[in-house]
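The values are calculated or read from the model by the stated rules, or taken from the named source; none is laboratory data. Every value quoted in this text rests on a predicted model; they were computed, and no experiment measured them. Cβ: placed from backbone, ideal geometry, glycine included. Neighbour counts: every protein chain shown.
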Amino acid sequence: VVSAGPTLEDIDDVRFIGNRSSGRMGYAVAGEAARRGARVVLVSGPTALDVPPGVEMVRVRSALEMHEAVRVAAADADIVVMAAAVADYMPQTRVDGKIEKTPGPLELRLVRTPDILLELGKARGTGVRPVLIGFAAESGDAEARGREKLTRKGVDLMVANDISRSDAGFDSEMNAATLISTAGSEAFPLGPKTALAGAILDRAEALLQPSRQ
Ligand code: C5P
């Protein structure tokens, strides 16, 4: 199971808030996993990308929809890769129609969305399936923050990338990342997202080996 793209949280029938994400990283992971012979369910927020060959698509819009689709798909999955840029906040209430524009400011009350990855980590507990892989887009010390998330969310691998780099990340075909696990950290130098997808899946496959049961 791979999640990808942004989630969009509707304010009214016209406006929304969300995260920046082209979906490219998750689509690259899904496409490469299918190429390797896996049955792949790609749970995707709105993107402009083509469906990778051999991948089963589940299209969602909001964090709540992604939460439900990932929960269902993850129930019998060997590996879950959460590459989606899930919105952390959603409007407390969604207004029907269009909120009328007035000269003054508009106040919105935002509430937290469920942390899908954290929940998967908690549900797995001390088990080893599914293998859980998360992403951490950071503008500060990517490695330290990624390691903190590895532990707190109870996942096997965090892919941390520095979003302040102009040559990688958002809307780019390229990415540079640090692959963080309990075994240590590995730098993945600037390269195509398809190559990073392969490196992530190599590690996921190693984590699936029966010796870990
Ligand atoms: O905490 P942060 O958003 O930085 O964590 C990023 C990781 O957690 C990503 O793998 C993302 O897909 C996942 N996530 C999630 N649900 C959220 C927020 C993030 O699954 N509400």
| field | All strands (runs of 3 or more DSSP E) inside the stretch 45-132 with 2 or more residues being of a type outside the set (S, T, N, Q) and surrounded by 13 or more Cβ atoms within 10 Å (Cβ to Cβ) | value | 55-59, 79-82, 89-91
| Tally, over the stretch 133-155, of residues that are modelled with pLDDT under 95 and part of a loop (DSSP other than H, G, I, E, B) | 3
| So how many residues does the stretch 1-37 have that are free of Cβ contacts under 8 Å to residues at least 40 places away in the same chain and either out of contact with any Leu (no Cβ under 7 Å at 6 or more places or on another chain) or of a type in the set (Ser, Thr, Tyr) (or both)? | 4
| query | When you scan the stretch 156-185, how many residues do you find that are farther than 18 Å from ALA83 by Cβ and either assigned to a strand (DSSP E or B) or small (Gly, Ala, Ser) (or both)? | reply | 5
| Conditions: (1) within 12 Å of the ligand (Cβ to nearest atom); (2) charged (D, E, K, R); (3) touching a Leu at 6+ places or on another chain (Cβ under 8 Å). ARG145 meets all but one. Number of the miss? | (3)
| query | Any residue in the stretch 60-68 that is more than 14 Å from the chain's Cα centre (by Cα) and more than 16 Å from the ligand (Cβ to nearest atom)? | reply | no
